[in-house]
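Working notes for the structure below.
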Amino acid sequence: MSSRKEEQIVQAVEDQALFTFAHYDPEAAERIGYSDYSYWGSTTKIFLKNKTAIFLLVLMTSLITFTIIQPYLPNQKPPTKIHVDPVTGYQLRNQKPSKEYWFGTNVIGQDLWARIWSGTRTSLLIAIIVGVWEVLFGIFIGAVWGYVRQLDAFITEAYNVMNNIPNTILLMLLAYIMRPSFKTMVIAMCATGWLGMARFVRNQIVIIRDREYNLASRCLGTPTSRIITKNLLPYLVSVIVMRIALSIPGTIGWEVFLTYIGLGLPIDIPSLGNLLNEGRQVMMAPSLRYQLIFPAIVLSIITISFYVLGNAFADASDPRNHY
Amino acid sequence: MMRIVKKLIPIMLLAVMLLAGCTPKPEVPEPPVSKLRESGDVYGVYSGEITTINYLVTSTTAEFSVAANTVDCLVEYDNLGIVRPALATEWSVSDDGLVWTFKIREGVKWFNHKGEEYAEVTAQDWVDALKYTFNPDNASHTANISYSVIKNGEAYYTGEIDDFEQVGVKALDTYTLEYTLEHPVPYFLSMLTYCPFMPANGDFLAEVGDEFGTDHTNVLYNGAYIFSDWKHQDERVYVKNENYWDADNVHIEKIVSKYNKEASTLAPEMFLRGEITGAGIPTASLDEWMNDPERAKMVRPGSTSFYSYFYAFNFDPNFPDEYEPDNWKLAVNNRNFRKAIFHGLDRMAAVMTMDPYEPERMLNNTITPKNFVASGGKDYTLIGDLEKLTTTESFDKDLALEYRDKAKEELEGECTFPIKVMMPYSTSGTAWSNEAQIVEQQLEALLGEDFIDIIPVGFPPSGFLNATRRAGNYALQNCNWGPDYADPETYTEPFYPDGTYNWPEKATDPAYLLDDGRTVYEKMVDDACAEVVDIENRMELFAAAEAYVIEEAWVIPFRVGGGGYLATKLEPFASPYAPFGVADLQYKGQIVMEKPMSTEEYNAAREQWEKDRAAALAKEAAGN
Amino acid sequence: MLKYSFKRLSQSLVTVFIVVTLVFLLMRLLPVEGYFGDGYDKLTPEQREAILRKFGLLDPWYIQLKNFYASLFKGDLGRSIIYRPDVPVLNIIKLKIPYSFAFGIVAIVLSLTAGLAMGIHMAREKGRIWDRIWSSYIVFINAVPSAVYLLFIQLYITNIKLFRLPMLFDRHNTISWILPAISMSLGGTAGYAMWMRRYMVDQLNQDYIRLARAKGMSDRQIMVKHVLRNAFVPMAQYLPASVLFTISGSIYIESLYSIPGMGGLLVDVIQRQDNPLVQTLVLIYSVLGIFGLFLGDILMAVFDPRIRLEKAGGAR
């Protein structure tokens, strides 16, 4: 090669009019060594190939958009307004779905359609706040816990203590001090919700922290924070995403349980938990089952979407599935 | 033809019932009563588990029900609510009304859970039982009921005297029991059917010590049934006590109930499959049953209880500034303001969520419910000024608006409108929060959102009443009270000074105060309590005091407890009846019918029962 | 490993002590009204005092705490005060644990076998029809609230005349065990299957599998020797704890079928403020929880020798 180069140079010198020197262009050099692989790009590309996931993504997005704009649409009824028969003055309780009340009314004559969307709004908001907190805080603690051995004993201790104090006690105390409300609910769930995520991340990290490439990194003097963020976490993206996808329906399920033991949101703030709990009480009456089925369908759509999306995204974000 | 037969069924049933329930045992040996009233066993499911069967300590109804069926008292009630001898065959009271002497029935035995004889029931058993409840170490929840009437009871309980000999209960001999009272108590007999006055064998108490009542093996039985098995959160079994002194009036041989936390959900289905004898039908599925011609025949109303619910206006507001307590204080002391809400509250609308079919029966226009006590052959709620209140509906739109306008005029300039009304409710279930929403929207719609602003505030079930009513942390709240003995005095306690309900003694209206520092109401109650000889007059005085509370709109009488709907083969109106104590928890006298009663049959039977009861009360009044 | 175990376990003692003490104190922060049930208004101040004295709640908290630990060291966990007054706490729990444990173990065995088989099957059939079928089962179980489908199972399956299954559990009747046990394993099956599939798919993409294939190993060998073992590692962490925690029972299924087990007992006694029972249960559960975590770590290390728990080696 070098001999050829020389030859060229000689030729160039001889033939100045025909050839000019090419400038060294670092950008161009880069382009040659460049593969068009980008992690997130590939992830997106693979994700977009999954038709079901796309469909659910669209469904989810429209559902969320709808819950936000629903109160501003025409002909919507307020979710807590009790509708009264103008003639008799009695409540229009347990009205079957009709033109006027699209999803019917509940046992005291409130419009189920409005309640479901208002409830979805509340529950999703709680779930997202708690979910985001769970992810940020849980992953942070989990990563430190799993990787920094000096802290292992301390965090394990703290985890064991927190994990073994029954949530019910904390919730009862919180509800007693602050009264049941949206804020109480969010604080109560955030207080303990991250524990599961932290432990999960820690276990994953313990599994891979002593792999050879990490050893190599350490030998090269890479700082801990960089090892965690660059070596460990990307490896975990797929499983973590999966976990997040499940944590949103999980939060909603927890809210249902809290409502069941009387520590949930007050009933004048509709939520999916409240609605399901109300619906469960009329489950034995087939003609009233719509009061359970409508909220259950909305809940199921949310759960299934998050689950399938989570799975699809986890598959897509796994670098080994990239090509 | 069929139709006639169907119509006859309730009457026939009633005839059977009356034959067995009320007629005294005929002397000529006709077919024995037990043959006439054959009954199957009772099977059931229950969701509330009892915690103890120590009947001397507990104060919850479910736990009384065990003692009610297994331990007999000195006296009992028949199915019309007339006092009859039970373990006391006869009794007398001294002229000053202080000393009561009872002759104990001879030959009644204590049995253990296997039905083995333990000892004879003697007068000493009542002495030992009181000694047990009066010992603060045993932390009896019902001790105050007995120590407040028995001579030196309270002093002994608080440790002022330690000699039990000075307490007013004596076994004069094996079969003679004597109670000495602190002050005359005209309703003393009714108290004797309550758990703290039940007997207990002293030797056995000493033998089991702390374990008394912890399970079915640690209690002795002398009543209609023996509690033969109790597996916590699993199963309860009663078997008939063959040696019972009144065994002929016990028709059900065996009662088996299975625990299930979701009993209220599963029971209706289990009843339809024939697995259990009876089930409560939740309000939510009521339409389902009523609209199905087959099932509609099986549902009937359940009886209401003597728990009285009323909306109370708080005269001593102690809530956060955001709800403007000072403003409320001005408003609540205005009679027209209270009256506006009093007449503005559509109680029917609020009760409809609980009973959409016969909401009227849940409503209560007085504080003391109907059929609680009677005097001079008249129900207490029809005496004096109470009669008008009982017979008119308090909800009256026009009247409410009239009072509202007056209140507005008087309060203009003093109060800021709308007046904030803080209304707490418990978040434990959906019923109360639904009610709160209905009341809020109904009142605001009627009286105008520029007049009042009702703010329902949810509190958690733990520590609910301490956080709300007892702390004065409310403006308007649905409160309740249950009776402790068969006398209207029991329903005055919430409003008497030192109550923890709504502190009407702090009302600023000068018309409510007397020169001697007492309130008008206080004097009315004191006078009524002091009347222990002329019972008719006593009732009139109490009725006047109660009418005063309602007329002045310190509270809005709302509803009674209980109610609901049942599908059950158990016969109604045959079991002992009393508004207080443990009588109506007894299976004695009842049978399992071939098929459940329908609502029409039930109502007919109830009408007949009410007639019979009125007649029996009149007869009783004439006899005295 | 032994040294490590000893250190971990002795540390656990401290943890349990902290947990129990904290719970003890938290319970005493709850409103005192809770100790009187519904009858508060009917009691005189003297009675309230007598009741509180009987429960030992009148002493300052540090005396109460001292008394509690003093009797705990004598092996006395005290007597229930509200749930079943005067009954020794241990007697209450002793009767309940066997039911929950028996059902729990059966359910774990059922869900492990079914779930792992399902997960493996799904991973091998990835993208094909069986993968879809099992996925829809998993989605169903996760999406529909268990409170709803469990009740439907109980109502409709017991109504099928052919099986003659009773609606409620009856300890003398063996066939009444079937439905609750199966119901209890449904959720676990879905969970195990889901994770198994995920880990298996992860593992199947690893280079060493390709190498194994290239070496000519059969699919079955690869599955058992490599994939299964590796995929099992993350689950191994959770397994001991879930086995131990079967004794805490299942709230919903035990209530539906009337099984007199531990399900919901803790929530129940916390709400009723039965302090001795709460403390005992927290003590038991925290010991189990910590021990479960420890066993999980050990098991994980056993399945995957690359994982080192000791501080040896060059890690930070």
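The values are calculated or read from the model by the stated rules, or taken from the named source; none is laboratory data. This one's a predicted model, so the numbers in the text were calculated from it and none came from an experiment. Every residue, glycine as well, gets a Cβ built from its backbone with ideal geometry; the counts of neighbours run over all protein chains shown.
Worth pointing out:
- Looking only at the range C:120-154, and only at residues there that are over 25 Å from the mean Cα position of the chain (by Cα), without any contact (Cβ under 8 Å) to a residue 60 or more places away in the chain and assigned to a loop (DSSP other than H, G, I, E, B), the one that is farthest from A:I301 (Cα to Cα): C:E125
- Here B:E414, B:E449, B:E402, B:E409 are screened, and the one residue that is over 28 Å from A:L171 (Cβ atoms), within 14 Å of chain A (Cβ to nearest Cβ) and surrounded by fewer than 18 Cβ atoms within 10 Å (Cβ to Cβ) is B:E449.
- Considering the range C:216-255, and only residues there that are in a helix (DSSP H, G or I) and within 14 Å of chain B (Cβ to nearest Cβ), the residue that is nearest to C:G289 (Cα to Cα) turns out to be C:I251.
- Any hit, the range C:91-102, residues being closer than 20 Å to B:Q233 by Cβ and in contact with a Lys or Arg (Cβ under 7 Å, 6 or more places away or on another chain): yes
- Residues located in the range B:285-306, provided they are surrounded by fewer than 22 Cβ atoms within 10 Å (Cβ to Cβ) and in a helix (DSSP H, G or I): B:L286, B:D287, B:E288, B:W289, B:M290, B:N291, B:P293, B:E294, B:R295, B:A296
- The range C:1-58, residues that are at positive phi and at the interface with another protein chain (Cβ under 8 Å from one of its Cβ atoms): C:G37
- Criterion (within 16 Å of A:I269 (Cα to Cα), in contact with a Pro (Cβ under 6 Å, 6 or more places away or on another chain) and within 14 Å of another protein chain (Cβ to nearest Cβ)) met by exactly one of B:E435, B:E440: B:E440
- Scope the range B:196-222; condition among the hydrophobic types (A, V, I, L, M, F, W, C) and either surrounded by fewer than 23 Cβ atoms within 10 Å (Cβ to Cβ) or touching a Cys at 6+ places or on another chain (Cβ under 9 Å) (or both); matching residues: B:F197, B:M198, B:F204, B:L205, B:A206, B:V208
- Within the range C:155-174, residues that are away from chain B (no Cβ under 12 Å) reach partners that are assigned to a loop (DSSP other than H, G, I, E, B) with beta carbons closer than 8 Å, at six or more positions or on different chains, in the pairs C:I157/C:F163; C:I157/C:L165; C:L165/C:T158; C:N173/C:P166.
- Selection of the range A:150-175 for residues being buried (at least 18 other Cβ atoms within 10 Å of the Cβ), facing another protein chain (nearest Cβ under 7 Å) and within 19 Å of A:R202 (Cβ to Cβ) yields A:N160, A:V161, A:N163, A:N164.
- Checklist (1) surrounded by 15 or more Cβ atoms within 10 Å (Cβ to Cβ); (2) closer than 30 Å to A:F294 by Cα applied to C:N159, failing item: (1)
- Long-range neighbours under 7 Å by Cβ, at least six apart or interchain, first residue without any contact (Cβ under 8 Å) to a residue 12 or more places away in the chain within the range B:399-420, second surrounded by fewer than 20 Cβ atoms within 10 Å (Cβ to Cβ) and not charged (D, E, K, R): none
- Condition met for A:A314 (within 30 Å of B:P268 (Cα to Cα) and either outside any helix (DSSP H, G or I) or of a type in the set (G, A, S) (or both)): no
- Output for the range B:223-254, where each listed residue is among the β-branched types (V, I, T) and either on the phi > 0 side of the Ramachandran plot or surrounded by fewer than 20 Cβ atoms within 10 Å (Cβ to Cβ) (or both): B:V237, B:V239
- For B:P483, the stated conditions hold: it is within 14 Å of chain C (Cβ to nearest Cβ) and either buried (at least 22 other Cβ atoms within 10 Å of the Cβ) or among the basic types (K, R) (or both).
- Verdict on A:R115 being more than 24 Å from A:I244 (Cβ to Cβ), among the charged types (D, E, K, R), away from chain C (no Cβ under 14 Å) and assigned to a helix (DSSP H, G or I): yes
- Residue within the range B:331-351 that is on the phi < 0 side of the Ramachandran plot, outside any helix (DSSP H, G or I), of a type outside the set (D, E) and touching a Gly at 6+ places or on another chain (Cβ under 8 Å) present: no
- Residue among A:G279, A:G310, A:G250, A:G262 that is more than 16 Å from C:Y149 (Cα to Cα), within 14 Å of chain B (Cβ to nearest Cβ) and of a type outside the set (D, E): A:G262
- Scan of the range B:475-504 for residues that are hydroxyl-bearing (S, T, Y) and over 24 Å from B:V373 (Cα atoms), ordered by number: B:T500
- Residues being among the polar types (S, T, N, Q) and surrounded by fewer than 17 Cβ atoms within 10 Å (Cβ to Cβ) - total across the range C:162-188: 2
Matching residues to (1) at pLDDT below 85; (2) crowded, with 17+ Cβ neighbours inside 10 Å:
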site	(1), (2)
C:M1	yes, no
C:Q11	yes, no
C:L30	yes, yes
C:I51	no, yes
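- Enumeration of residues in the range B:433-445 that are out of contact with any Leu (no Cβ under 8 Å at 6 or more places or on another chain) and buried (at least 18 other Cβ atoms within 10 Å of the Cβ): B:S433, B:N434, B:E435, B:A436, B:Q437, B:I438, B:E440, B:Q441, B:E444
- With respect to (1) assigned to a helix (DSSP H, G or I); (2) surrounded by fewer than 20 Cβ atoms within 10 Å (Cβ to Cβ); (3) among the small types (G, A, S), the lone exception for B:A605 is condition (2).
- Scanning the range C:263-308 for residues that are at pLDDT below 85, part of a loop (DSSP other than H, G, I, E, B) and more than 8 Å from chain A (Cβ to nearest Cβ) yields C:G263, C:G264, C:P305.
- Scope the range B:117-147; condition away from every other protein chain (no Cβ under 14 Å), touching a Leu at 6+ places or on another chain (Cβ under 8 Å), in a helix (DSSP H, G or I) and not hydrophobic (A, V, I, L, M, F, W, C); matching residues: B:D128
- Test: C:G75 is at the interface with chain B (Cβ under 8 Å from one of its Cβ atoms) and within 32 Å of the chain's Cα centre (by Cα): no
- Count of the range B:508-525 residues which are out of contact with any strand residue (DSSP E or B) (no Cβ under 8 Å at 6 or more places or on another chain) and touching a residue at least 24 places away in the same chain (Cβ under 8 Å): 6
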